[in-house]
1. If you take the residues in the stretch 400-411 that are touching a Ser or Thr at 6+ places or on another chain (Cβ under 9 Å) and closer than 22 Å to Thr261 by Cβ, which one is surrounded by the most Cβ atoms within 10 Å (Cβ to Cβ)?
2. Condition check: open to solvent by less than 40 Å² (accessible area, probe 1.4 Å), over 30 Å from Ser340 (Cβ atoms), of a type in the set (Val, Ile, Thr) and at pLDDT 95 or above. Does Ile203 satisfy that?
3. One residue is enough: does the stretch 355-362 have a residue meeting the conditions modelled with pLDDT under 95 and either under 30 Å from Ile199 (Cβ atoms) or in contact with a strand residue (DSSP E or B) (Cβ under 9 Å, 6 or more places away or on another chain) (or both)?
4. Tell me whether the stretch 296-311 contains one or more residues that are charged (D, E, K, R), touching a Ser or Thr at 6+ places or on another chain (Cβ under 8 Å) and part of a helix (DSSP H, G or I).
5. Do any residues in the stretch 432-443 that are more than 12 Å from Ile397 (Cα to Cα) and in contact (Cβ under 8 Å) with a residue 40 or more places away in the chain have Cβ atoms under 8 Å from those of residues that are open to solvent by less than 40 Å² (accessible area, probe 1.4 Å) and assigned to a strand (DSSP E or B), where the two are at least six apart or on different chains, and which pairs are they?
6. Taking Leu157, is it modelled with pLDDT of 95 or more, closer than 23 Å to Ile397 by Cα and not aromatic (Phe, Trp, Tyr)?
7. Give the stretch 384-430 a look and list any residue that's over 23 Å from the mean Cα position of the chain (by Cα) and in contact (Cβ under 8 Å) with a residue 40 or more places away in the chain, or say none.
8. Just to check your reading of the model, which residue among Lys457, Lys479, Lys463 is of a type in the set (D, E, K, R), under 11 Å from Gly517 (Cβ atoms) and touching a residue at least 12 places away in the same chain (Cβ under 8 Å)?
Amino acid sequence: MEKRITYLFCFMLAVCAGLIGRIVVIDTHQDYITAAEHHSSYKLTLAETRGKIYDRNGAALAGGASKLKALIIPSPDVSARLSGKLSSEKLHSIENSLKGIYPFVTEVEDGSCECEGVTVYRVPQRYADHSLAVHLVGWCGKNGGESGIEKAYDNWLSSADGELSVTCRVSASGRSLDGADREITDTTGLSDRGVMLTIDSNIQNIAESAAAKHIECGAVVILDVESGEIRAMASLPTYNRSDIASLLHDSRSPLINRAVTAYNAGSVFKPVVAAAALENGFDSQTEYECTGFVTIGNTTMGCIRHTPHGNETLENAISRSCNTYFINLSQQIGGEAILSMADNLGFGRATRLGEHYRSSKGTLPDAAILERPAELANLSFGQGRLTVTPIQTAGMIAAIARGGEYIEPYAVMGLTDRQKNVISAPFIPEHHRAMSRATAQIIGACMRTAVLEGTAKAGATDKVTTAAKTGTAETGIIKNGRHVNQAWYAGFFPYESPKYVCVVLAEDGTSGGGTAGPVFKEIAERMAPLL
């Protein structure tokens, strides 16, 4: 019996010794130390960032905003302190979290709520509440970029991800230890890498604010004549990225970037026809008598209200926007000449705004279709099967202002490092001579006359000399019993030494001059000091 007791005692000693040894191993082994530390901490992510999107001057169009977030350690005392420092609505929204044991983060309007148990941090925010160029920049969803530059350059922007987080110490029960050391991890500096655009925020602001005063739906594009770089690209209506879901049901379709969308052109296309004629030997001084209408086959076409313009040269025809003049001109030069010039000026194909970003290509009628006289007549004043984008129209006007050289408009300068230096190969836009300098000068002079005494007078200003062409395009759409037209105003300034092109599109406008002209005028006046 004594031997059995002795054996049992020895066995128990051995078991105890083994347990003690195991505890020593657990207590000293690094893996277990790390695990114990992990279970005594609680990580809270304050912000997750991705690469920034910059304007040409390095101002952040996405990724440069900030907001305030409060880290709250729940306790009855903290709840009492916050009752006088946060709104009742805010307190109600965090009520359950305040009753819990885990620290949490909530967005706050200011830092006045900071107190014992509450720490306020300023954290990065992707978009400012009132952002510029929202359609061009685009927006992000849970899976990355969903539109615009955010989508086109998603791989690069998402690769520059960063994080701002706080790790709090908690007790074994999980309750926060107020006053304990907190570890802050900040890798948001990695997100200073990004994409640089050609947009100038000052000019973009002018374009957006001027357009918002005069039109509800439409677009504005402003180009630098010398380089072809887009200085402003605005689309209306604008939108707030905080509630994308509700915008899907908005009848105005605010998510559409109208600057890169194709529309019926109307008379803003007439300079293309004029250039085709002049390049094929047409004399701009040749007169044509406008009787107000012309019959092509079984179809009667004419000027507005069939009002006759009498004898006209090219200058008068562009200034007054005479349809019958251009119908007659198209029948003389043929469809192939017009299509060739349109192609030279970037119509009928997507505009490469950057290596990964394109506009709509619009539509040019087939040469075979233009063998029908009525189809050719429609094209001559920008109607029929033709559709163009505001970007394409700006490229055409810029070629005229530039003396006949076409440079494809573009919006992306390239990828940047964290110091905002462009590190990618430079984007090379399409560049070629579309028409002779003489042809461009003649058309530019005609557009100047349109501002002084023709359909473009509404956009005239004494602050800077301008030249422009208007357009009022029929769409075939009937809304509330009336026909919907697209109103265009496309021009450049200063006339003597062109620096900027500005194209305004107003959806459902009364006329190019009346609806879109005031937008152009305000932009030209506000940009005059920049010249």
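The values are calculated or read from the model by the stated rules, or taken from the named source; none is laboratory data. Since the structure is predicted, the reported quantities are computational estimates derived from the model, not experimental observations. Methodologically, a virtual Cβ is constructed for each residue, glycine included, from the backbone with ideal geometry; neighbour enumeration extends over all protein chains shown. When the accessible area is computed, the model is the full protein with side chains, heavy atoms only, and any ligands, DNA or RNA have been set aside. Shrake-Rupley method; radii C 1.70, N 1.55, O 1.52, S 1.80 Å.
1. Filtering the stretch 400-411 for residues that are touching a Ser or Thr at 6+ places or on another chain (Cβ under 9 Å) and closer than 22 Å to Thr261 by Cβ, the one surrounded by the most Cβ atoms within 10 Å (Cβ to Cβ) comes out as Pro409.
2. When the stated conditions are applied, Ile203 passes them.
3. Taking every residue of the stretch 355-362 in turn, at least one turns out to be modelled with pLDDT under 95 and either under 30 Å from Ile199 (Cβ atoms) or in contact with a strand residue (DSSP E or B) (Cβ under 9 Å, 6 or more places away or on another chain) (or both).
4. Within the stretch 296-311 (the criterion being charged (D, E, K, R), touching a Ser or Thr at 6+ places or on another chain (Cβ under 8 Å) and part of a helix (DSSP H, G or I)), the answer is no, since none of the residues qualifies.
5. Cβ pairs passing all conditions: His432/Tyr406.
6. Details: modelled with pLDDT of 95 or more: yes; closer than 23 Å to Ile397 by Cα: no; not aromatic (Phe, Trp, Tyr): yes.
So Leu157 fails the test.
7. Leu386, Ala399, Ile400, Ala401, Arg402, Tyr406, Gln419
8. Just a single option satisfies the conditions, and that option is Lys457.
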